[in-house]
Structures are given as structure tokens and as C-alpha cells.
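Working notes, structure below.
Values quoted throughout were computed directly from the atomic coordinates according to the rules given, and no laboratory measurement underlies them. This one's a predicted model, so the numbers in the text were calculated from it and none came from an experiment. So basically every Cβ, Gly included, is an ideal-geometry build from the backbone, and we count neighbours across all protein chains shown.
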Amino acid sequence: MKLPLTLRAGTSAHSAYRVAFGLLAAAMVFVAPFVVEAFRTRQLTQGIAFAVAVLGLNLLTGTTGQISLGHSAFIGVGAYTTAILVQQQSWTYLATIPVTFALCFALGYAIGIPALRIKGFHLALLTLGLAVVFPALVKTFDGLTGGTNGLRVSFDLVPPPWTGLPVGDEHIWTYFNVLAVAVVMFVAARNLTASRVGRAWRAIRQHETGAAVSGVNVAASKTSAFGYSAAFAGVAGSLLVMDTQFVSPDTFAVLLSIQLLTALFVGGIGTLSGSVVGGMFMVFVPWYTAQWAGPDATIIRPGVLYGLLLIGVMFVAPGGVMWLVRKARSRVIVVVPPVRPASEHRSDPSEQMTQQS
Amino acid sequence: MELLLQRVIDGLSNGAIYASVALAIVIVYKATRILNFAQGEMAMFATFIIYVLSVDQGLPIWGAVALGVLLAMAAGALIERGLIRPLESRSDLATVVVPLGLFILINDLAGGIWTYETRAFPALFPAGLDDYVEIGGARLRFETIGTWITFLAVFGLVFALLRFTKIGLAFRAVSSNLESSRLVGIPLGRTLMLGWALAGGIGALAGALTANATLLQPNMMLGILIYATAAAALGGFDSIGGALVGGILVGLTESLVVGYVGFIGAELRLTVAIVLLAAVLVIRPQGLFGTKTVQRI
């Protein structure tokens with residue numbers, strides 16, 4: 001057999017390949033929490049939650065090309081909203097997620113309005129301010145937020161009887177809850193970027209004036225990008241609390257925003273799968289670094305590694321890990337467009353949010 | 001009245017530090033059109049080196065400062081050559097992301113080497129309890145006077161360098177129009193490296209002044225960077241004089257607002273700078289003295 005294999009999009013062979021690949025991935029995701037240790041499952045849960053946050057940043061940076069350093073604050077708002085509603089108002093965890101989404105969307109939309117007049121690093125600068133202010137605000141309003149001590153949520157996610165999960169396996173139930181929400185968010189992101197809204201975002205990224213001339217409402221598109229992006233980050237915050245059941249202000253500092261940005265670029269900007277890689281990266285890379293070099297290492301530290309990777313990726317692989325993966329995959333399997341009139345040709349929106357420019 | 005005067009003096013004291021970091025930011029921006037998010041961290045690292053030279057190696061403090069400034073200038077030039085220039089033709093994203101990478105790298109590296117404990121920095125100026133002059137009941141400490149003299153000396157030097165020397169002329173030409181400068185034969189690389197070196201040196205000095213006014217700690221420049229960028233934005237990112245005016249205004253605003261608006265406690269100090277920054281960016285993005293950018297389509 002000669003490599004690479006060629007698959008024509010739309011043929012049954014291509015469908016079979018995609019279904020097989022999807023089933024394999026789904027099976028791995030489903031079986032994982034039952035075969036690995038409890039603490040690994042919890043790491044995976046956090047990785048999934050961070051993947052949603054990276055996805056949020058991806059919606060902004062990957063499609064409109066703007067950089068936000070304020071996403072730590074949106075994750076924080078989401079986490080605190082869930083913690084407060086669950087702990088003080090006895091809501092269920094999942095019920096808080098629509099609230100988080102709406103709240104962070106509104107917040108992001110409002111912040112997107114000044115961002116309209118701002119270009120390049122100015123937005124990064126303004127949102128950096130947001131990231132710095134958030135922990136300070138949390139500490140100031142300590143009546144609601146618990147101030148510096150943080151806020152503990154004392155309600156577990158208890159698996160209902162039909163799951164057959166024994167007591168002590170709450171972490172598995174949490175995993176599936178977080179996973180379910182994350183899947184919804186990823187499908188939403190996929191649909192969003194493939195829709196008219198997403199096309200408008202990409203047009204703006206490529207040429208703002210050109211987009212405006214073609215009838216894209218630039219102002220509305222930019223603010224909505226920021227709104228959705230913030231909303232996804234907020235939901236990620238809610239998901240994180242489902243696992244950690246604890247929030248404290250300094251978790252959501254500027255550092256988290258820069259880690260998100262690193263995860264975005266390392267995973268692969270502009271791709272959905274890159275966001276998953278990025279989310280896992282945020283959990284496992286610092287953990288293994290600390291395991292390997294010890295927590296008090298002088299030079300080999302997570303922050304140093306993040307910095308080196310962020311700079312390195314810019315020089316070596318601007319498309320991140322997913323770009324490398326695709327390059328490798330193209331040696332084995334190549335998917336070619338269907339033999340149809342050129343007018344019907346469309347790229348697969350699930351994998352190709354934007355082209356690297 | 002005494003209290004007002006005291007707050008003005010405090011504001012001016014901080015303002016000198018903000019203005020010096022803002023000056024470094026402006027010089028880098030003029031040279032390469034990049035906002036160096038890592039400027040504060042570079043300054044912090046240089047300050048630790050000054051600390052090591054002075055406390056561990058026993059150099060007199062001003063000798064250590066001089067050596068630290070030189071090292072920081074070399075580091076600034078190297079960063080421009082090694083990390084920034086190769087990006088010249090890449091996307092706008094890269095020019096924002098690479099300084100952020102440097103930011104987190106330098107911060108964590110300093111934390112690893114010197115830990116996050118606070119240290120007292122050797123006094124740069126007479127800082128005894130009696131070292132102040134009284135003006136209308138308010139205390140003007142020698143430290144404040146020293147900070148201002150140092151800053152004005154640096155500002156004067158930079159201004160003279162850019163105004164009266166040949167390399168300064170080249171720098172202004174490059175800053176005004178890169179392509180035309182290249183065409184008339186100005187050595188671009190050397191000029192841009194000079195910009196980053198100058199900024200590195202000014203940053204090191206600003207770091208020493210900060211550590212002298214507060215305590216030495218790897219996170220000491222995080223807040224200062226926000227104030228300084230607010231100052232640079234207010235003055236205009238490409239205006240040297242704007243950095244001076246912006247620094248003073250931000251320092252005064254911070255001191256007066258925190259002093260007179262009750263609910264803004266120590267935690268919300270930075271918010272003042274950020275609100276100011278947002279207001280400038282929205283109302284007058286080019287700042288007070290900056291050049292308005294016009295884009296050809």
C-alpha cells in the first residue's frame with residue numbers, strides 16, 4: 001500500500017474514516033475515568049474545563065486576531081458566580097452555567113465597546129488592567145466573596161442512583177458533567193464559527209476595512225466576539241469550581257491569562273482540537289515539570305517553561321501542536337475535496353476555524 | 001492644606017518612578033512600535049543584579065547601579081537582536097506575544113533564583129528619620145528629591161542624546177519613518193538596538209529607584225508597569241516629553257484620588273490607573289502629545 005492514502009471528501013470511505021475516528025475518541029473519553037486513578041480523573045476534568053477557556057480565547061484571538069489578557073477575570077467571574085449561587089443560594093451546579101454565560105457575555109460585550117476604538121496592543125493593555133483589577137475587587141467586596149480567604153463550596157456533585165456509581169466516585173460523575181457541558185460548548189463554538197457571525201469575524205481579521213465595505217457590521221461583530229469569548233471563559237470558570245469546589249482571588253490573576261494565551265498558541269490557534277490540547281497542556285505540563293524538577297527548582301519552573309514555549313512557538317511552529325499533528329497526518333492520510341463544481345466547495349468548518357495568516 | 005501638600009509630594013514621588021518606566025516604554029515603542037510588556041520585569045531582574053553586586057559582592061551601591069545599568073543595556077540590545085528583530089516581518093500577534101513570553105519567563109526565573117521574599121534594598125539616598133525638609137508642614141524626604149534628581153538627569157541625558165547627537169538623529173529618523181530611513185542609508189539594526197539598550201538601562205535605574213522606595217521582590221514591577229503604561233498612554237506612546245508629563249499626572253491622580261475618595265482602599269489603588277488608561281484609550285487614543293496614526297488603505 002502506498003502512503004499517503006487518499007480519501008475523497010463526501011465518499012463513504014471518508015465517512016467511515018471520520019465515524020471510526022470519532023467513535024475511537026468517544027470510547028477513550030468515556031472509558032478514561034474508569035481506568036485511571038481518581039486524581040488523574042480530576043486532572044482530566046480540569047483539563048477539559050481549561051479547554052473551554054482556551055476555546056473562549058480562541059474565539060477572540062483565533063477569529064478576530066485580537067489579544068485579551070483579561071480572560072483570567074472572566075474565568076474568575078464565572079467561578080465566583082457558581083460558587084456564590086451554589087453555596088449561598090443552594091443552586092445546583094449545572095443551573096448556574098446559563099447565568100454565568102449570560103453574565104460574562106454581558107460583561108465581555110460591555111468591555112468590547114471601548115475595545116472597538118482600540119487596536120493591536122491597546123486591547124491587550126486594557127484587558128491586562130481588567131486582569132489586575134479583578135482580584136483586587138474580589139478582596140474589596142469580601143462580604144460576598146470571602147475576600148482573601150476565598151470561598152469554599154461544601155456541596156458535592158452526587159451521582160444519581162441510575163448511574164450505579166458507588167459513594168466515593170463523585171469525581172467520575174463530576175468528570176462526566178464537566179465533559180457534557182464542554183461538548184455542548186465545543187459544538188456551539190463550531191456552529192458559531194461556521195455561521196454568518198463567524199464568517200464576519202474572519203473577514204474582520206483579514207481586512208477590517210474590506211469587511212466593512214462588504215457589509216459586515218464591524219462594531220457589532222467585534223463586540224459580539226468579545227462577548228462570546230468572555231462567556232466561554234466564564235463557563236470554564238464554573239466548570240473548574242465543579243471540580244475544585246473552592247475559589248480564591250489570586251487564582252484568577254494575570255498569570256492565568258498568560259498561561260491561557262500560551263496554551264492557545266501551543267495547542268494551535270484557530271482550531272477546535274488545538275483548544276483541547278491547550279487545556280490539557282495547562283494541567284499536565286506544569287504538573288510534570290514540578291514532578292521532574294521538584295517544586296522548588298531554580299531554573300526549570302512552569303513559568304520559565306511557559307515563557308520559553310510561548311516565544312519558541314512564535315518562531316518555530318506558529319500553528320502550534322495541531323499544525324505539527326496535521327503535518328504528520330498528511331503523510332498517512334490526505335483528504336481531497338469532492339469532485340464537484342468549484343462553487344460548492346467548502347472547507348470543513350469543525351477543524352478549520354481560520355487560515356493562518 | 002498640609003495634607004493636600006503632602007499628597008501632592010507623595011504623588012510626585014511616585015510620578016518620577018512611573019515617568020522613568022514610561023520613558024523606557026516610549027523609547028522602545030518609538031524604535032520598534034512594540035509595547036514591551038516585559039519592560040518592568042527586565043527592570044526587576046536588573047535590580048536584583050544590582051542587589052547582588054552591592055550586597056553579596058560588596059560594591060558601593062552607586063557603583064553597583066552603574067554596572068547594573070550597563071548590563072541591562074546589553075541585555076536590552078541582545079533581546080532586540082535575538083527576539084524582536086526576527087519578528088519584524090511576522091504577524092502583529094507575535095509582537096504582542098513575545099514580550100508576554102519574556103514577561104512570564106523573567107518573572108518566574110527571578111522567583112526561582114531569589115524567591116518571592118521581600119528584601120530591603122541598600123539605600124540610594126540619605127533615608128534616615130530626620131532626612132527631610134519641611135515645606136508648609138508637609139515633609140519632603142531627601143529620597144524623593146534624590147529620585148527626582150536622578151530621573152531628571154536621565155531624562156536630560158536621553159533628550160540630549162536624541163536631540164544633539166548623530167545617532168540620536170538616526171533614532172528620530174527611524175522612529176518617524178522606517179522605510180525612508182533605510183533608503184537614506186541609516187544603519188537600522190544598530191539604531192533599533194540602541195533604542196532597546198537605552199530602554200533597558202533606564203528600566204534598570206527605575207527598578208533601583210522602585211526597590212529603594214519600597215522593597216525588592218520579583219513582583220514589585222507588576223503594578224508599576226500598569227501605572228507606567230497608563231502614563232505612556234496619557235502622554236502619547238511616541239512622545240518622550242509625554243512620558244514625563246504622563247508620569248507626573250498619573251502619580252498625582254493616584255495620590256489624590258486614593259487620598260480623597262474614601263472607598264478606594266489600598267486594594268483598589270491600581271484601579272485608578274486602569275480607569276485613567278481606559279479613558280485615554282477611548283477618548284484620545286494618541287494621548288496628549290502623541291502622533292495620531294493615519295492608515296493608508
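Worth a mention:
- Virtual spin-label span in nm between B:VAL55 and A:ALA219, 7 Å along Cα→Cβ: 5.4 nm
- For peptide B:105-117, the mean count of partner chain Cβ atoms within 10 Å of a residue's Cβ comes to 4.
- For chain B, calculated [θ]222 nm from helices alone, where every DSSP H run of n ≥ 4 adds -39500 (n - 2.57): -23500 deg cm²/dmol
- Distance in nm between pseudo-label sites at A:VAL197 and B:TYR116 (7 Å out along the Cβ direction from Cα): 3.7 nm
- Lysine pairs in the protein assembly as shown whose alpha-carbon atoms fall under 18 angstrom of each other, counting only those eight or more residues apart or on distinct chains, come to 6.
- Cα-based values for chain A, radius of gyration first and Dmax second, are 20.9, 69 Å.
- The share of Cα pairs per 10 Å bin across the range A:1-94, counted from zero up to the longest distance, runs 12, 23, 28, 26, 8, 2, 0 percent.
- Note on A:LEU308 and B:VAL133: with the Förster distance fixed at 51 Å, the Cβ-Cβ geometry gives a FRET efficiency of about 0.55.
- Under-5 Å amide H pairs with A:TRP91, H placed in peptide plane, nonlocal only: A:VAL86
- The length gained on full extension between B:VAL275 and B:LEU183, counted as 0.36 nm times the residue separation minus their Cα-Cα distance, comes to 28.9 nm.
- In this structure, A:LEU24 and A:TRP162 have a Cβ-Cβ separation that, at R0 = 30 Å, corresponds to a calculated FRET efficiency of about 0.65.
- Residue separation of A:ASN149 and A:THR209 scaled by 0.36 nm, minus their Cα-Cα distance, works out to 16.8 nm of gained length.
- Restricting the trypsin sites (Lys or Arg not before Pro) of the range A:1-77 to loop positions (DSSP other than H, G, I, E, B) with no more than 14 neighbouring Cβ atoms within 10 Å leaves A:LYS2.
- In degrees, nearest ten, helix B:92-114 long axis to first principal axis of chain B (Cα): 40 degrees
- Per-residue Cβ neighbour rank within 10 angstrom, fewest leading, A:LYS139, A:LYS222, B:LYS166: B:LYS166, A:LYS139, A:LYS222
- Rounded FRET efficiency, nearest 0.05, which uses the C-beta distance separating A:VAL183 from B:LEU4 and R0 of 60 Å: 0.50
- P(r) of the range A:267-315 over all Cα-Cα pairs, binned every 5 Å from zero, in whole percent: 5, 20, 24, 24, 16, 8, 3, 0
- Rounded to whole Hz, the Karplus (6.51, -1.76, 1.60) HN-Hα couplings of the range B:62-76, x for glycine and proline: 6, x, 4, 4, 4, 5, x, 5, 4, 4, 5, 5, 4, 4, x
- What the pair-distance distribution of the protein assembly as shown shows, using all Cα-Cα distances binned every 10 Å from zero, is 3, 14, 24, 25, 18, 10, 4, 1, 0, 0 percent.
- Couplings 3J(HN,Hα) of the range A:60-70, computed from phi: 7, 6, x, 9, 9, x, 9, 10, 10, 9, x Hz, in residue order, whole Hz [Karplus 6.51 cos²θ - 1.76 cosθ + 1.60, θ = phi - 60°; x for Gly and Pro].
- Summarising the overall dimensions of the range B:168-238 from its C-alpha atoms, the Rg and Dmax are 15.8, 48 angstrom.
- Taking other C-beta atoms within 10 Å as the exposure proxy, A:VAL178, B:VAL257, A:VAL218 rank A:VAL218, B:VAL257, A:VAL178 from fewest upward.
- Average beta carbon contacts from partner chains per residue of A:310-318, 10 Å cutoff: 5
- Nearest 10 degrees, 0 to 90: helix B:240-260 Cα axis against chain B principal axis: 30 degrees
- The range B:1-150: radius of gyration and largest Cα-Cα distance (Dmax), Å: 18.4, 57
- MRE, 222 nm, helices only [DSSP H, n ≥ 4, -39500 (n - 2.57), over chain A, to nearest 500]: -23500 deg cm²/dmol
- Under a 5 Å amide H cut-off, with hydrogens placed 1.01 Å from N, A:VAL334 pairs with A:LEU5, A:THR6, A:LEU7 among residues at least 5 apart or on other chains.
- Fraction of alpha-carbon pairs over 21 Å apart in the range A:160-273 - percent: 54 percent
- Point-charge dipole on Cβ atoms (K/R +1, D/E -1) for the protein assembly as shown, about Cα centre, debye to 20: 2660 debye
- Normalising by residue count, the range B:102-210 has a Cα convex hull of 162 Å³ per residue.
- Each Lys and Arg adds +1 at its Cβ and each Asp and Glu adds -1 at its Cβ; summed about the Cα centre, the range A:68-204 shows a dipole of about 820 debye.
- Rounded to 10°, Cα long-axis angle of helix B:2-32 versus longest principal axis of chain B: 20 degrees
- Amide H partners (placed H, <5 Å) of A:VAL153, local residues excluded: A:PHE246, A:VAL247
- Scaled against the 2.2 N^0.38 Å expected of a compact globular protein of N residues, the Cα radius of gyration of the range B:251-291 reads 1.31.
- Each residue of the range A:289-300 is assigned a 3J(HN,Hα), and the resulting list reads 4, 5, 4, 6, 9, x, x, 10, 4, 7, 10, 7 Hz, derived from the Karplus form 6.51 cos²θ - 1.76 cosθ + 1.60 (θ = phi - 60°), x at Gly and Pro.
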